[in-house]
Amino acid sequence: MTNRFAVIGLGQFGESIARTLADRGAEVLAIDIDLDKVESMKDEVAYAVALDSTDVKALKAQNIQDMDAVVVAIGENFEGLLLTTVLLLELEVKRIIARAANSQQRMILEKMGIEEILSPEETVGKTVAEMLLHPNMRSFLPLPDDYEIVEINTPSRVVDQTISEIGLREKYNLNLITVKRFFEEKKGDEIQKVEHIIGVPRADTFLKETDIMILLGKSQDVNKFIEVNK
C-alpha cells in the first residue's frame, strides 16, 4: 500500500524531504505558494500544487486530511507555519511534523501539541561543530541523554585489531553498530572501490585502515575513544 504524504514549503529542506520520499516510492503532494518552486518539483513527485497553505479551503481541496502525514517545512515565514499547523490540527490530520528554526519556535509548537518537530539548522550546526573538533568524524547524529551515533574513520591505533582486542564496551562503554568497508568491484572496464556494510560485526572481525566505524555511545566516551587512539 502506497504511503501518502504532503510536504508544505519547498525550500531546500522541504524539497529534499519530498524528493527522498518520492524516490522511496511514496505518493507525495508538494505544496508551496511560490509557483516557480512548484514547477521545479512537478516532475519529481506525484502532485505539485501552488497554493496558500493558510487558506483552509485550499487545503481541503487537496484532501490534505487524508494524508498519512504532513510535513510543514516552511522556513522563513514562521507566522505562516503556525497558521498552517493550526489548520492542519483543525482538519484532524493524522500526523503533523513541523519545522522549528530555534528553541522559541520549538516551544510554541510544543505548546500547540505538536510532538514531532524538526530543527535542521540546530542539527547541522552541531554536526559541523563536532566534525571541526574531530576531523576523524564523518557524520554525527545527536540523541537524547547525551548519546550520539557517529561515523568515524578507523583510528590509526586500532587498525588491524579485532573488535574483541579493542575492547569497545569494556574500555570505552561504546557499541559498534556496524562497519562500512570498501571493496574493489569491476564495473565495465574499470575497477572501482564500492562502499558496503559488513553487517553485524563479530568479535573476531579485523578493522582495516580504510574502514568507517559506526558507533553508539555517550559523547564523552566517543571523544575519549577518538583522542586516545588517534
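Here are some notes:
- Computed over the chain, relative contact order equals 14 percent, with contacts defined as Cα pairs under 8 Å that lie 6+ residues apart.
- Under 5 Å, built H, 5+ apart or other chain: amide partners of Val7: Leu29, Ala30, Ile31, Val71
- Compared with the dominant Cα axis of the chain, that is its longest principal axis, helix 120-133 is turned about 20°.
- Separation of the stretch 1-39 and the stretch 146-168, taken as the distance between their Cα centroids, equals 38 angstrom.
- Listed peptides 85-95, 23-33, 200-210 appear in the order 23-33, 85-95, 200-210 once ranked by packing, highest mean of other Cβ atoms within 10 Å at the front.
- Percent of Cα-Cα distances greater than 25 Å, calculated over the chain: 55 percent
- The chain, helix-only ellipticity at 222 nm - DSSP H runs n ≥ 4, -39,500 (n - 2.57), divided by all residues, nearest 500: -10000 deg cm²/dmol
- The stretch 73-163 - Debye-derived log10 I(q)/I(0), Cα point model, q = 0.19, 0.23 Å⁻¹: -0.91, -1.13
- Carbon and sulfur %, accessible surface of the stretch 81-230 computed with the full protein complex present, 1.4 Å: 52 percent
- Estimated dipole of the chain in Debye, rounded to 20 [Cβ of Lys and Arg +1, of Asp and Glu -1, Cα centre]: 600 debye
- Cross-link table Lys37/Lys60; Lys42/Lys94; Lys171/Lys230; Lys208/Lys230, entries beyond 19 Å C-alpha to C-alpha: Lys37/Lys60; Lys42/Lys94
- Where the alpha-carbon atoms of the stretch 1-129 are placed on the principal axes, they occupy 36, 33, 30 Å, in descending order.
- Global form of the stretch 121-204, assessed from the alpha-carbon gyration tensor, a/c cut-off 1.5: oblate
- Magnitude of the charge dipole for the stretch 141-230, about its Cα centre and with charges confined to Cβ atoms of Lys, Arg (+1) and Asp, Glu (-1), is about 120 debye.
- Accessible area of the stretch 115-168 divided out per residue, in Å², using a probe of 1.4 angstrom: 57 Å²
The values are calculated or read from the model by the stated rules, or taken from the named source; none is laboratory data. Please read all numbers here as calculations on a predicted model, not as lab measurements. Neighbour counts are summed over all protein chains in view; Cβ atoms, including those assigned to glycine, are modelled from backbone coordinates with ideal geometry. SASA here: full protein model, heavy atoms, side chains in, ligands and nucleic acids out. Shrake-Rupley method; radii C 1.70, N 1.55, O 1.52, S 1.80 Å.
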